[in-house]
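The values are calculated or read from the model by the stated rules, or taken from the named source; none is laboratory data. The model shown is predicted, which means the values in this text are computed figures rather than measured ones. Glycine gets a Cβ as well: all are built from the backbone with ideal geometry, and neighbour counts include every protein chain shown. Side chains are part of the model used for accessible areas, which takes the heavy atoms of the whole protein and leaves out ligands, DNA and RNA. Shrake-Rupley method; radii C 1.70, N 1.55, O 1.52, S 1.80 Å.
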Amino acid sequence: MAIEKELLDQLLAGHDPNEVFAKDGLLDDLRKALSERILNVELDEHLKDERVEGNANRRNGSSKKTVLTGQSQVTLAIPRDRAGTFDPKLIAKYQRRFPDFDDKIVSMYARGMTVREIRGHLEELYGIEVSPELISAVTDAVLEEVAEWQNRPLEAVYPLIVFDAIRVKIRDEGFVRNKAVYIALGILAEGSKEILGIWIEQTEGAKFWLRVMNELKNRGVGDILIAVVDGLKGFPEAISAVFPQTVIQTCIVHLIRHSLEFVSWKDRKPVMPALRAIYRAKDAEAGRQALDDFAAGLWGQRYPAIAQSWRRNWEHVVPFFAFPESVRRIIYTTNAIEALNSKLRRAVRTRGHFPNDDAAIKLLYLVLNRAANEWKRPPREWYQAKTQFAVVFGERFVTQ
């Protein structure tokens, strides 16, 4: 809705431009005037409805209420009715904040700011004093949204799901423990990405992963074509128990990263081409030969743990070679999950540790939700890969 230029000139007449947006300036005056006007209109409509129902209700003055906005504090005259049945929609009874104020707090929390930092930020920029309890109450309201999100229905078929984990410190039974936060990132047939859920478990194992798989199935997932995992203990068995046709693939990026943990910094650059020869081989037999050559060569002799690591995981590396290059690139180029982990680590780093599991889930959900809103297009390689998926998996690859 455009505002007439003449009206703006009238509003700005006699005002110092530097004070228009300042605390208690013109903007606050407008917010106060518009809010009180809306509240009075709401009461007029309420009294009109009361008369239609035969109730002899009428106005009964007003009461003062100080309301927090995203920029300042505004004292409003809230109109009252004699019967006490009027409940405003703009500022409900017992409500002390405009909705955008809550959104600002949640946004700052999602960026990794602590309660203390949010409180200091609001006071420094806007002169608003907000209690830690209020900030916690606003962010805790997100938990209801998280519960709904965690139980939402999912798609019937996911061509690819990447499972990954980061470690966070959470207080548990009086001790700060390192717990793993597991994230499932799914790619749909058209290439769009979706975060399926977040799970926290202190130790990974077959029972935990079986519970996760059953949860996905109960939420509507009927088939997973490829599951990319990071050598998680008990995970292949859990997947096979619930989704027996799923191809289980060890994440090549994580396998490479694990291999480089055995290598000194000065040797990492020359070691990479030798590892690349393994996972870029034309087929499984050639890949096995490249692994044997690596083990017998200079770097394999210097760092024997690398070849041992690849051989332990070889059963779940082999499926990778059955796919053409376009599909392989989708599997080992896990940029999306790596980008998510980077955002999560950045937010967690400022925390030190979380007081409980709910606090960790709350922050991680907000960070993931912000990241998901930034996704605009499918992975670059997906347009070629989905054709190959259709050929390899046939009717299981559902595009509609």
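Hey, among the residues in the stretch 63-81 that are at pLDDT below 85 and more than 37 Å from the chain's Cα centre (by Cα), which one's surrounded by the most Cβ atoms within 10 Å (Cβ to Cβ)? Before the answer, list the steps.
Initially, the stretch 63-81 is screened for residues at pLDDT below 85, giving 63-78.
Within this subset, residues satisfying the condition of being more than 37 Å from the chain's Cα centre (by Cα) are 63-64, 77-78.
Values: S63: 10, K64: 8, A77: 15, I78: 20.
Taking the candidates together, the pick is I78.
For the stretch 174-189, the set of residues classified as free of Cβ contacts under 8 Å to residues at least 60 places away in the same chain and of a type outside the set (G, A, S) consists of F175, R177, N178, Y182, L188, listed by residue number. Determine, yes or no, whether G287 is in contact (Cβ under 8 Å) with a residue 12 or more places away in the chain and among the small types (G, A, S). In short, yes. Each residue in the stretch 279-306 was checked for being open to solvent by less than 50 Å² (accessible area, probe 1.4 Å) and outside any helix (DSSP H, G or I), and 3 pass. Contact annotation: residue pairs with Cβ atoms under 8 Å, 6 or more positions apart or on different chains, pairing a residue in the stretch 155-173 that is under 30 Å from I331 (Cα atoms) with a partner that is at pLDDT 90 or above and open to solvent by 10 Å² or more (accessible area, probe 1.4 Å), are E155/G220; A156/G220; A156/G222; A156/D223; V157/G222; V157/D223; Y158/D223.
Residues satisfying the criterion are absent from the stretch 34-49 (criterion: modelled with pLDDT under 75, open to solvent by 60 Å² or more (accessible area, probe 1.4 Å) and among the polar types (S, T, N, Q)).
Those residues that are charged (D, E, K, R), open to solvent by less than 70 Å² (accessible area, probe 1.4 Å) and under 16 Å from the mean Cα position of the chain (by Cα), I need them from the stretch 353-400; list them, please. Within the stretch 353-400, D357, K362 meet the criteria. Whenever a residue of the stretch 256-278 is surrounded by 15 or more Cβ atoms within 10 Å (Cβ to Cβ), its partners that are among the aromatic types (F, W, Y) and not in a helix (DSSP H, G or I), lying with C-beta atoms within less than 7 angstrom and at least six residues away or across chains, give the pairs F262/Y303; V263/Y303. Counted as qualifying within the stretch 307-400 are the helices (runs of 4 or more DSSP H) with 3 or more residues that are in contact with a strand residue (DSSP E or B) (Cβ under 6 Å, 6 or more places away or on another chain), namely 335-349, 357-373. Find all pairs meeting these conditions: Cβ atoms under 6 angstrom apart; at least six residues apart or on different chains; first residue within the stretch 381-400 and modelled with pLDDT of 80 or more; second residue in a helix (DSSP H, G or I) and open to solvent by less than 30 Å² (accessible area, probe 1.4 Å). Cβ pairs passing all conditions: A385/S326; A385/V327; A385/I330; Q388/S326; Q388/V327; F397/F389.
Scanning the stretch 307-339 for residues that are buried (at least 20 other Cβ atoms within 10 Å of the Cβ) and farther than 30 Å from V391 by Cβ gives a single hit, A307.
Restricted to helices (runs of 4 or more DSSP H) entirely inside the stretch 139-255, those with at least 1 residues that are within 25 Å of D358 (Cβ to Cβ) and open to solvent by 20 Å² or more (accessible area, probe 1.4 Å) are 142-150, 206-218.
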